[in-house]
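What follows is one structure encoded as structure tokens, with my remarks underneath.
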Amino acid sequence: MMNRRQFLGGAGAITLVLAGGSVWRSTEQGVFQRARGDAYTPWHDWRESDGTPLALVKAGILAANPHNTQPWAFRVTEDRIALYADRSRHLGSFDPYRREMYLGLGCVLENMMQAAGPNGYSVSLTVVPGELKLVQPSDGMALVAELKLDPAQVAPSTLHEAIERRHTQRGPYRNVQLEATQRSGLLAQVEDERIGIRLFEEREERERFGSVVVRATRAIIDDHVMVADSERWFRHSRRDIDEYRDGPTLDTAGLSPAMTALAKMLPRPDAETNHRYWLNATEKVQVPSAPALGLILVDDLYDIEQTLAAGRTWQRMHLWATTQGLAMQPLNQPVERVDREAEQGAEPVARRDLENLLPGERRRPTFAFRVGVATSTGWPSPRRRVADTLIADDITASGGGMA
């Protein structure tokens, strides 16, 4: 989900002065170690609790989510898992209706559903219905869904096996068109009749789509409130990554190894400069290199059940794409601008732009993305410890069993 992607593109006139402090900064910033350390442990130990409810939670926290805010909490017993929205972990003006938050929570649900069979459970899912409304930022938890677990025969799942390999890939994609089986496989991940997918593969329609994404990105970086709300989640230093274990990082920005190392050596740019790098990457790399762009559509943009279903669809698509060697990345800027313009009561520029991409379509876009074959490896983002996401003391994260 998710995403202010602090992408440093175009080295331009950057010059490094190798002074006495450079070795210290290399170590401090983890220049020569990409996506390593305790903040990445959840990607490696998620199978240690197999056969317990905690195994589903460990799979859940590896799901896609907006800007890596990880807006989830869980209450776990022997036969139930309750998923809560942690409303303190919101994106402010980027997500005034918490639509993206609930998309990310849908991704969590899908990972847990995929983990049920391999861990010997059948699952009954109940979601809390409602409407996403414009609200002020607030702390506290809101119940989202409950999974009732019953013992069942172990049922392997290829999507479950892909959970630890699924990462957002923000670098360039190869100039290779989707195969018919890849296209049909992506479309087959829709399991809710209220959810639709539209792929844009012809050059002209991709260019129209791309111009909408770039225009929305420019509108975001011209909105100082959105920039500030985005920037507060970016983790530039190794120290911040270890402390917060969330947010976008340089390792996941889609840079080459050399540019990643260079960016870590340099001081953190100011917020506006950082976001102009992001615009440059969007316009010069991400949009033009994608062989296919896409939209996930819903009947009602702010219906909670449909938003969760759309998030589940994205997660399932991304897991399936991972099994096929395909890369995916959200390009949600146009829909984020739809929410922001609605919050401000401003002219609905982004909404009209999206409608013009879909003449005659009654459903509305809630998620935009690109898909293709990446030119480099995708890297994991940091994750909070399971213990830090559990409500009360129903279960312990250490030892992998029931308390």
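Projecting the Cα atoms of Val386, Ala342, Ala327 onto the charge dipole of the range 260-403, computed from C-beta unit charges around the Cα centre, puts Ala327 farthest toward the positive end. For the range 94-174, a/c is not less than 1.5, where a ≥ b ≥ c are the root eigenvalues of the C-alpha gyration tensor, and a/b does not top b/c. That puts it in the oblate class. Identify all lysines with a Cα-Cα distance to Lys284 below 29 Å; exclude those on the same chain that are fewer than 8 residues away in sequence. Straight-distance partners of Lys284: Lys264.
Ligands, DNA and RNA aside, Ser256 has an accessible area near 50 Å² when probed at 1.4 Å. Working from the Cα coordinates of the range 256-403, the gyration tensor eigenvalues give, after taking √(5λ), semi-axes of 29, 25, 19 Å in decreasing order.
Accessible area per residue was computed with a 1.4 Å probe on protein heavy atoms; Leu143 scores about 80 Å².
Taking the DSSP beta bridges with both ends in the chain, the antiparallel portion is around 95 percent.
Sorted largest first by accessible area at a 1.4 angstrom probe radius, with every protein chain in place, the residues His224, His160, His167 fall in the order His224, His167, His160.
Would you work out if the range 202-339 is rounded, prolate or oblate? Take a ≥ b ≥ c from the square roots of the eigenvalues of the alpha-carbon gyration tensor; rounded if a/c is under 1.5, else prolate when a/b is larger than b/c, oblate otherwise. Mind showing how you got there, number by number?
On the way: a/c = 1.42, a/b = 1.41, b/c = 1.01.
Taking the square roots of the gyration eigenvalues as a ≥ b ≥ c, the range 202-339 is rounded.
Tell me which label goes with the value of Rg and Dmax of the Cα atoms in Å computed from the coordinates here: (i) 38.2, 123; (ii) 20.3, 63; (iii) 22.7, 80. Computed from these coordinates, Rg and Dmax of the Cα atoms in Å corresponds to label (ii). Projecting the Cα atoms of Leu262, Val212, His224 onto the dipole axis of the range 186-281, where Lys and Arg carry +1 and Asp and Glu carry -1 at the beta carbon, places Leu262 farthest toward the positive end. Remark: the chain carries a charge dipole of roughly 1080 debye about the Cα centre, counting +1 on each Lys and Arg Cβ and -1 on each Asp and Glu Cβ. For Lys148, a cut-off of 26 angstrom between C-alpha atoms picks up these lysines, skipping any fewer than 8 places away in its own chain: Lys58. Only helices enter this figure: runs of n ≥ 4 DSSP H residues, each worth -39500 (n - 2.57), summed and divided by the residues of the chain, yield -10500 deg cm²/dmol at 222 nm to the nearest 500.
Can you sort Lys58, Lys148, Lys284 by solvent-accessible area, 1.4 Å probe, largest first? Don't jump to the answer; show the numbers that get you there.
Numbers: Lys58 15, Lys148 65, Lys284 130 Å².
Putting Lys58, Lys148, Lys284 in descending order of accessible area: Lys284, Lys148, Lys58.
Going by a ≥ b ≥ c, the root eigenvalues of the Cα gyration tensor, does the range 242-302 fall in the rounded group (a/c under 1.5), the prolate group (a/b larger than b/c) or the oblate group? Prolate, because a/c is 1.5 or more and a/b exceeds b/c. Within the accessible area of the chain, the carbon and sulfur atoms contribute 49%, probe 1.4 Å, all protein chains present. Measuring between their Cα centroids, the range 176-255 and the range 261-329 lie 2 Å from each other.
The values are calculated or read from the model by the stated rules, or taken from the named source; none is laboratory data. Computed from a predicted structure; not experimentally measured. Cβ coordinates were reconstructed from backbone atoms using ideal geometry, including for glycine residues, and neighbour counts include every protein chain displayed. Calculation scope for accessible area: heavy atoms of the full protein, side chains included, ligands and nucleic acids excluded. Shrake-Rupley method; radii C 1.70, N 1.55, O 1.52, S 1.80 Å.
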